[in-house]
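Below: the structure, in structure tokens.
Each value in this text was obtained by applying a stated rule to the coordinates, not by laboratory testing. Quantities reported herein were computed from a predicted structural model and do not represent experimental measurements. Ideal geometry is used to build each Cβ from the backbone, glycine not excepted, and the neighbour counts take in all protein chains shown.
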Amino acid sequence: MPDAFCYFVRPGDNEELRMSLRSVAKHYPDVPVYIVGDMPPWVRNVHYTPGNIFPGNKPWNVWYNLRLIAEWDEVPEDIVVMNDDMYILEPLDEIPVLYRSTLKEHLELLGERDDWWSRSLYHTADILPKDALSYELHTPFPAKKSQLAKSLSIDPGTYPPQWRTLYGNHWHTNPAQAEDVKVTRARHWLPEGPFASTHDMSFRWVKYHLHSLYPKPSVHER
């Protein structure tokens with residue numbers, strides 16, 4: 001069982017975060033929550049520190065807010081890093097380490113894509129060995145705070161490397177391969193398995209399923 005769940009949170013009322021916190025509170029009621037970034041006014045019973053703000057620069061916001069988690073004295077060593085739109089659907093004694101594919105295979109899927117995310121993944125590949133794995137899944141990510149700090153100590157450059165893949169190839173051993181669980185279409189149900197994730201469009205549909213799973217406010221809500 002992790003010592004803490006650590007979120008980096010974007011601005012806004014963030015109903016996705018509400019349901020994510022409900023899922024964590026249901027399955028891990030005694031594990032503390034740490035939030036870096038923005039904290040909606042309805043949130044309570046968490047540890048919080050404001051994040052770095054780089055307007056219009058999502059990659060830097062993610063990178064430097066993760067560094068705040070890694071440098072935060074209060075945060076314990078064994079953590080699980082969460083996006084604010086990730087949900088834990090089943091109780092697990094241990095959060096598994098999961099990877100997507102080889103990094104080479106992932107890059108081949110990008111095709112002609114040319115945006116900040118693809119440039120970031122190519123930057124990651126330049127740093128890592130040719131046989132590296134891609135850990136780019138929308139699932140909770142177990143880490144040790146001290147190792148995260150070392151992984152994020154490099155100069156990130158214009159397009160910071162993907163921190164999950166950077167960390168995973170340096171520190172994780174014997175990961176299990178898995179498919180991504182991000183719900184990308186308008187539908188009313190969630191994927192089978194212990195984890196799920198949404199984005200702004202799909203959450204408008206999936207929220208009804210999430211509310212049926214977690215109908216009551218958690219300890220983290222006012």
Using amide H atoms built 1.01 Å from N in the peptide plane, name the residues 5+ places from residue 9, or on other chains, whose amide H lies under 5 Å from its own.
-> 36, 37, 38
Which one of 142, 76, 11 has the biggest mean-square fluctuation once the chain is modelled by GNM with Cα springs under 10 Å?
-> 11
Considering the options 132, 118, 149, tell which one lies farthest towards the positive end of the dipole of segment 112-152, charges being +1 on Lys and Arg and -1 on Asp and Glu at the Cβ, about the Cα centre.
-> 149
State, as an integer percentage, the relative contact order of segment 1-93 based on alpha-carbon contacts under 8 Å between residues 6 or more apart.
-> 46 percent
Can you give the helix-only mean residue ellipticity at 222 nm for the chain, where every DSSP H stretch with n ≥ 4 adds -39500 (n - 2.57) and the sum goes over all residues, rounded to the nearest 500 deg cm²/dmol?
-> -10500 deg cm²/dmol
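Quick one: dipole size for the chain, taken about the Cα centre, charges +1 on Lys/Arg Cβ and -1 on Asp/Glu Cβ, in debye to the nearest 20.
My answer is approximately 440 debye.
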Most mobile of 117, 42, 72 in a GNM of the chain (Cα contacts under 10 Å) | 42
Out of residues 5 or more away from residue 183 or on other chains, whose amide H comes under 5 Å of its own, with H placed 1.01 Å from N in the peptide plane?
-> 197, 198, 199
